[in-house]
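**Q** Just dropping this structure here.
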């Protein structure tokens, strides 16, 4: 009977320690978003709606600012703007629109090399977090597991039934252990260290263990999510935060699904709105990142992408590094347009907490706690064929870090009717090797 009880105890302890093997099979979240009503002006984190600065949803250049405590002021300002329209943050409004704010901090201090690159990365992180929050409104898969174990025993003296003759295997094991000890001693391990290695585990008279695991999973293709406001700035002496507010609406999703309707026509490219963009100063553009919907004076909607890059300082080949930075800025702007039109996202959050309380027969006590959090966001690789055009390259100085920044503004355009595979005088589309030719001598040249 005693052996049976010991067996049950071993099985019970083994089942309590099985939290290391997790079930990762999560299903894709549902995509039907239901309507909710706007909340009050008091936000969940206690911030009051207050118009610190202008917020104009989209269709404007004034969607970026560099300030102190950017995330709090961005939340308050956006909420104040939305309340004037009967809308709110973090919910599905009555018109189907959703507004979310994501934040991230730079990994590189303001006064260090690489700050601009880290700032661009912080913007991307904040935008991804805001988009994942939008997806969570459509439903998320929650996986959880927890267990608790409590064992208490009080032993006085030694159990005579537990004293038995050593088995053959135990004797062999003892010999093996002594051989290992001898080998360790010959390698220079001290007798004290060997004794510590051979010390048996202290006998517990009280043990209480708890383990908790929870994960959230969402995944979906998301289209038409635009950046409507960016706030960034220093928080304290060594923290630079970037906060991004994004907007989703059924109308924007429909537009993004039909790229041709958003491509700027010749009329739009020659409009006063686009011409004004070409004349903007670097001070107006240094805080602009991402992609955004615009409208010209004739009511035509189009998309702009903004990209930035720092310039590597060098005493040689400085012009080459400047050109590389410009190309990187353009590529980032095009990527931002693509991500506005379509992005396939998967997001997962994992939280694990463990607590172990032990009291030993010799009176010693120990407590162990562990609290882990993981955030995993993946934008799956996807491709979209775009027609774009640079409308402005600029350079300037970041007002906080004083770092040189170059940037590019790229516009999504109509498809250009250019066929590089055809020729008026060519019967087929193949390219033929040309004949070698030697230039003729020209009278008067110095040979």
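**Q** Just to be sure I understand, how many residues within region 299-320 are exposed (fewer than 15 other Cβ atoms within 10 Å of the Cβ) and out of contact with any helix residue (DSSP H, G or I) (no Cβ under 7 Å at 6 or more places or on another chain)?
**A** 8
**Q** Residue 332 versus (1) within 30 Å of residue 303 (Cα to Cα); (2) in contact with a helix residue (DSSP H, G or I) (Cβ under 8 Å, 6 or more places away or on another chain); (3) outside any helix (DSSP H, G or I): which is the lone unmet condition?
**A** All conditions pass for residue 332, except number (3).
**Q** Something else about it: Just to be sure, is residue 87 part of a loop (DSSP other than H, G, I, E, B), crowded, with 19+ Cβ neighbours inside 10 Å and modelled with pLDDT of 85 or more? I'd like the intermediate steps shown before the answer.
**A** Details: part of a loop (DSSP other than H, G, I, E, B): yes; crowded, with 19+ Cβ neighbours inside 10 Å: yes; modelled with pLDDT of 85 or more: yes.
Taking the combined requirement at face value, the residue satisfies it.
Residue by residue, here is whether (1) touching a helix residue (DSSP H, G or I) at 6+ places or on another chain (Cβ under 7 Å); (2) at pLDDT below 95; (3) over 30 Å from residue 278 (Cα atoms) holds:
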residue: 372; (1), (2), (3): no, no, yes
residue: 381; (1), (2), (3): no, yes, yes
residue: 384; (1), (2), (3): yes, yes, no
residue: 389; (1), (2), (3): no, yes, no
residue: 395; (1), (2), (3): yes, yes, no
residue: 398; (1), (2), (3): yes, yes, no
residue: 402; (1), (2), (3): no, yes, no
residue: 405; (1), (2), (3): yes, yes, no
residue: 409; (1), (2), (3): yes, no, no
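One line per residue, one yes/no per condition, for (1) surrounded by fewer than 21 Cβ atoms within 10 Å (Cβ to Cβ); (2) farther than 22 Å from residue 138 by Cβ; (3) touching a residue at least 24 places away in the same chain (Cβ under 8 Å):
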position: 244; (1), (2), (3): no, no, yes
position: 249; (1), (2), (3): yes, no, yes
position: 264; (1), (2), (3): no, yes, yes
position: 280; (1), (2), (3): yes, yes, yes
position: 297; (1), (2), (3): yes, yes, yes
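**Q** Scan region 227-242 residue by residue and report those that are in a strand (DSSP E or B) and surrounded by fewer than 21 Cβ atoms within 10 Å (Cβ to Cβ).
**A** The one that is in a strand (DSSP E or B) and surrounded by fewer than 21 Cβ atoms within 10 Å (Cβ to Cβ): 234.
**Q** Would a scan of region 113-124 turn up a residue that is modelled with pLDDT of 95 or more, surrounded by fewer than 11 Cβ atoms within 10 Å (Cβ to Cβ) and either outside any helix (DSSP H, G or I) or touching a strand residue (DSSP E or B) at 6+ places or on another chain (Cβ under 9 Å) (or both)?
**A** no
**Q** Across region 375-404, what is the number of residues that are closer than 30 Å to residue 261 by Cα, touching a strand residue (DSSP E or B) at 6+ places or on another chain (Cβ under 7 Å) and assigned to a loop (DSSP other than H, G, I, E, B)? Let's see the steps before the verdict.
**A** We begin by selecting, within region 375-404, every residue closer than 30 Å to residue 261 by Cα; these are 378-394.
Imposing the further condition that a residue be touching a strand residue (DSSP E or B) at 6+ places or on another chain (Cβ under 7 Å) reduces the set to 378-380, 382, 386-394.
Cutting the leftovers down to assigned to a loop (DSSP other than H, G, I, E, B) gives us 382, 386-387.
Looking only at that region, the number is 3.
**Q** Are there any pairs with C-beta distances below 6 angstrom linking a residue in region 354-377 that is free of Cβ contacts under 8 Å to residues at least 12 places away in the same chain to a residue that is in a strand (DSSP E or B), with the two at least 6 apart or on different chains, and if so which?
**A** Matching pairs, first to second residue: 365/359; 366/358.
One line per residue, one yes/no per condition, for (1) in a strand (DSSP E or B); (2) in contact with a strand residue (DSSP E or B) (Cβ under 9 Å, 6 or more places away or on another chain); (3) touching a residue at least 40 places away in the same chain (Cβ under 8 Å):
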| position | (1), (2), (3) |
| --- | --- |
| 72 | no, yes, no |
| 77 | no, yes, yes |
| 104 | yes, yes, yes |
| 108 | no, yes, no |
| 128 | no, yes, yes |
| 132 | no, yes, yes |
| 135 | no, yes, yes |
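**Q** Now, a different point. Exactly one condition in (1) surrounded by 15 or more Cβ atoms within 10 Å (Cβ to Cβ); (2) in contact (Cβ under 8 Å) with a residue 60 or more places away in the chain is not met by residue 271; state its number.
**A** Every listed condition holds for residue 271 apart from (2).
**Q** Something else: On the given criteria, is residue 235 closer than 30 Å to residue 120 by Cα, touching a helix residue (DSSP H, G or I) at 6+ places or on another chain (Cβ under 9 Å) and modelled with pLDDT under 90?
**A** yes
**Q** Criterion first (at pLDDT 90 or above, surrounded by 15 or more Cβ atoms within 10 Å (Cβ to Cβ) and either in a strand (DSSP E or B) or more than 45 Å from the chain's Cα centre (by Cα) (or both)) does residue 224 satisfy it?
**A** Criteria not met by residue 224.
**Q** Output the residues belonging to region 202-221 that are exposed (fewer than 15 other Cβ atoms within 10 Å of the Cβ) and either in contact with a helix residue (DSSP H, G or I) (Cβ under 8 Å, 6 or more places away or on another chain) or not in a strand (DSSP E or B) (or both).
**A** 202, 203
The values are calculated or read from the model by the stated rules, or taken from the named source; none is laboratory data. No experiment lies behind these values; they were computed from the predicted model shown. In this analysis, Cβ positions are derived from the backbone assuming ideal geometry, glycine residues included, and neighbour counts consider all displayed protein chains.
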